[in-house]
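Data block below; observations after.
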């Protein structure tokens, strides 16, 4: 008779307030093995977690906070207190776990020994509150089945997590992509199952927040691309071409071409139209496709800034710290 695998949870957060309270209470409905890792919160997250009887780890402030560092610390605390834990689920403090997902993910791992990690559908809690929340909800609607990488919310075999080398604490964004690459290098597969995993509260209300989030993405494309040559290559190439080459050529060439080079700027509405058409062909509603295509076209500029920021820090030897957008 096969024993039921033991599941532990690692939640990470920083000043998540009521969102963290919802997160923790949703975890307590599923398990008792819970570790919360706090990255310097100034709110009541830590005392709330302790009052709920949860194991709490407060990260020292002697080096930059990163999600990777927090998740590693949580895994260590979980393994120390409950060394027989088979599967570990990581979740962010601004997310509420969907009922039944942890059990379904564990069953999927148990049924297929080739799988190293399982993820699901992350949904935005308030998708209609702002256009930025809607964009997040659309971004997270990925295909089911075997995938190359997933976000930082997933369930993983404890032994597989160790074998893959854990998260790299020096990677400040897309640390989940970096981990998934190394997990697959061990021979393990990653699967997204077709059910809700969590409800995320993006809480994005301003264009500046979205812009900063895209800068963070550019930083991630550059750093992870350095660690794994070829990965995010297409994203980096698009940022350079659409964020710099086309507009620079159009503007610099204008005095020498009697302004004809400015016609290159028409490539942007053309790209937007083609992107929108592709999204609709894949099943997106027309209004959602228009929204996504508009921001995807615009995103090349902040993404390029993020790429350049990473390169600047690398060249000058500056310490790379967390990029926050909230």
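The values are calculated or read from the model by the stated rules, or taken from the named source; none is laboratory data. This is a predicted model, so every value here is computed, not measured. Cβ: placed from backbone, ideal geometry, glycine included. Neighbour counts: every protein chain shown.
Computed quantities for the displayed model
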| item | result |
| --- | --- |
| Residue list for the stretch 193-209, filter: surrounded by fewer than 22 Cβ atoms within 10 Å (Cβ to Cβ) and not in a loop (DSSP other than H, G, I, E, B) | 193, 194, 195, 196, 199, 207, 208, 209 |
| Wholly within the stretch 214-326, helices (runs of 4 or more DSSP H) carrying at least 1 residues that are touching a residue at least 24 places away in the same chain (Cβ under 8 Å) and within 26 Å of residue 175 (Cα to Cα) | 233-240, 286-298, 300-316 |
| Of all residues making up the stretch 29-43, the number that are surrounded by 13 or more Cβ atoms within 10 Å (Cβ to Cβ) and either over 13 Å from residue 89 (Cα atoms) or touching a helix residue (DSSP H, G or I) at 6+ places or on another chain (Cβ under 6 Å) (or both) | 9 |
| Positions within the stretch 168-192 being more than 16 Å from the chain's Cα centre (by Cα) and either modelled with pLDDT under 95 or not in a strand (DSSP E or B) (or both), in sequence order | 182, 183, 184, 185, 186, 187, 188 |
| Residues of the stretch 67-93 that turn out to be surrounded by fewer than 24 Cβ atoms within 10 Å (Cβ to Cβ) and part of a loop (DSSP other than H, G, I, E, B), as a count | 5 |
| In the stretch 94-103, the residues that are touching a helix residue (DSSP H, G or I) at 6+ places or on another chain (Cβ under 9 Å) and not in a loop (DSSP other than H, G, I, E, B) | 95, 96, 97, 102 |
| Conditions (1) surrounded by fewer than 20 Cβ atoms within 10 Å (Cβ to Cβ); (2) closer than 23 Å to residue 4 by Cβ; (3) touching a residue at least 24 places away in the same chain (Cβ under 8 Å): number failed by residue 113 | (3) |
| Tally of residues being in contact with a helix residue (DSSP H, G or I) (Cβ under 6 Å, 6 or more places away or on another chain) and either part of a strand (DSSP E or B) or at pLDDT 95 or above (or both) across the stretch 150-167 | 5 |
| Some residue of the stretch 8-17 being in contact with a helix residue (DSSP H, G or I) (Cβ under 6 Å, 6 or more places away or on another chain), part of a strand (DSSP E or B) and at pLDDT below 95 | yes |
| Residues located in the stretch 18-58, provided they are at negative phi, more than 22 Å from the chain's Cα centre (by Cα) and part of a loop (DSSP other than H, G, I, E, B) | 29, 30, 31, 32, 33, 42, 43, 44, 52, 54 |
